[in-house]
Amino acid sequence: MTTTPEELSYTSDHEWLRRDDANTDEAVIGITDFAQDQLGDVVYLDLPAEGDEVRAGERFGEVESVKTVSDLYAPISGEVLASNGELEEQPELVNDSPYDEGWLIRVRIADEAELDDLLDADAYRAQLPAS
């Protein structure tokens, strides 16, 4: 059974977004437990560099696993403030801790209105295949 934390926002492409503080314009983005489970063992990630721009719904990188290579899609638009450098040496963190140590990028939110397009935990779970 995959986990879907209530406090996060989600995309139908299986990315999550967390705002640590609603008073800040920063958000952390990663892939869901369901996504990492479907991918299998993650062996490499191609992530944007600090200062790069990402656009909601557009590809911002890719994740490679023993099974496949999959594109990553930005849940919101913004400037990349950081990529998780730990993943270069330990890509398996995405599998082991998708919502914590396995985060992908931190972004400065460009348009708060885009947050309204994201799914809450219940809506995300509802669109997952029945297990």
Quotient of C-alpha Rg and 2.2 N^0.38 Å, computed over the stretch 84-131: 1.49
Test item: Cα-centred dipole of the chain, Lys/Arg +1 and Asp/Glu -1 on Cβ, debye: 340
Accessible carbon and sulfur surface of the chain relative to its total accessible area, %, 1.4 Å: 41
Distance cut-off 17 Å, percentage of C-alpha pairs in the stretch 44-88 lying past it: 32
Length-normalised contact order for the stretch 58-131 - Cα pairs under 8 Å, 6+ apart - percent: 27
Mean shadow area of the stretch 15-67 over all directions, Cα convex hull, nm²: 4.5
Mean Cα-pair separation over length for the chain, i.e. relative contact order, pairs under 8 Å, 6 or more apart, %: 30
Rg/Rg_globular for the stretch 15-131, with Rg_globular taken as 2.2 N^0.38 Å and Rg from C-alpha atoms: 1.02
Farthest positive-ward along the chain dipole, Cα basis, beta-carbon charges - from L47, G61, A123: A123
Probe 1.4 Å, accessible area per residue of the chain, Å²: 53
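The values are calculated or read from the model by the stated rules, or taken from the named source; none is laboratory data. Please read these numbers as outputs of a predicted model, since none were measured by experiment. We place every Cβ from the backbone using ideal geometry, glycine too, and count neighbours over all the protein chains shown. Heavy atoms of the whole protein, side chains included, go into the accessibility calculation; ligands, DNA and RNA do not. Shrake-Rupley method; radii C 1.70, N 1.55, O 1.52, S 1.80 Å.
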